[in-house]
Amino acid sequence: MNNCKCSGEAARFPQLEPIMAKYAGEPGSLITILQKTQDALGYLSEDAIAHIADRTGVAPAKIYGVVTFYTQFRMKPVGKYLIMLCMGTACHVNGAAELAVAVSERLGIADGETTPDGLFTLNIVACLGCCSLAPVMMVRTQAGDETYGNLTKTRIAEILGEIAGGAPAEGVGA
Ligand code: FES
């Protein structure tokens, strides 16, 4: 039985319809729905969570439980550039903690925060999967991800300056 308010809900989030059509009726697909919703909207707003609850029949409290349990989910919008600075083992032993301080100081934000101009969000993350380039950061934009390796404080300052100036530096393509 489907007693959801599908037509009204679909009108609120038309971009989520392909996701809902495919997964809303699938048991055990909540995390997939949340991941794909976050990809589509950039973050999981209260409205989006209410929409998912309506469409899947999963209680909002359960969805909030999942969203707050997994660090991959965000409930706030991210900046135009999402900086993912790796703090995995290889990066950590190669000075990532110092780089994190440098990024924080330069942008004036802590891990998980967004600059007031909405340009940058900083996320400290676990291994990005390119440890041979440690220390590494990835910058996510609407155009895709760019990876920067063998970082130093000087190099980070250059990269952030180029991004802020509208001419993102070339990454390593990892
Ligand atoms: S530990 Fe940083 S990329 Fe693997």
Any residue in the stretch 153-174 that's basic (Lys, Arg): show its pairings with residues that are at pLDDT below 85 at Cβ separation under 9 Å, as long as the two are six or more apart or on different chains.
ARG155/ALA169
Exclusive hit being part of a helix (DSSP H, G or I) and among the aliphatic types (A, V, I, L, M), set VAL78, VAL67, VAL58:
VAL67
Is one or more of the residues making up the stretch 20-36 charged (D, E, K, R), assigned to a loop (DSSP other than H, G, I, E, B), modelled with pLDDT of 90 or more and open to solvent by 30 Å² or more (accessible area, probe 1.4 Å)?
yes
Which pairs have Cβ atoms under 6 Å, sit 6 or more apart or on different chains, and link a residue in the stretch 98-114 that is within 23 Å of GLY165 (Cβ to Cβ) to one that is among the polar types (S, T, N, Q) and open to solvent by less than 40 Å² (accessible area, probe 1.4 Å)?
LEU107/THR115; ILE109/THR115; THR114/THR121
Of the conditions (1) open to solvent by 50 Å² or more (accessible area, probe 1.4 Å); (2) under 22 Å from LEU128 (Cβ atoms); (3) of a type outside the set (Gly, Ala, Ser), PRO77 satisfies every one except a single condition; which number is it?
(2)
Somewhere in the stretch 100-121, is a residue more than 30 Å from GLY28 (Cα to Cα), small (Gly, Ala, Ser), within 11 Å of the ligand (Cβ to nearest atom) and open to solvent by less than 60 Å² (accessible area, probe 1.4 Å)?
no
Which members of the stretch 133-144 meet the condition of being farther than 14 Å from ASN123 by Cα and open to solvent by 70 Å² or more (accessible area, probe 1.4 Å)?
GLN142, ALA143
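The values are calculated or read from the model by the stated rules, or taken from the named source; none is laboratory data. This is a predicted model, so every value here is computed, not measured. When we count neighbours, we look across all protein chains shown, and the Cβ atoms used for this are built from the backbone with ideal geometry, even at glycine. Heavy atoms of the whole protein, side chains included, go into the accessibility calculation; ligands, DNA and RNA do not. Shrake-Rupley method; radii C 1.70, N 1.55, O 1.52, S 1.80 Å.
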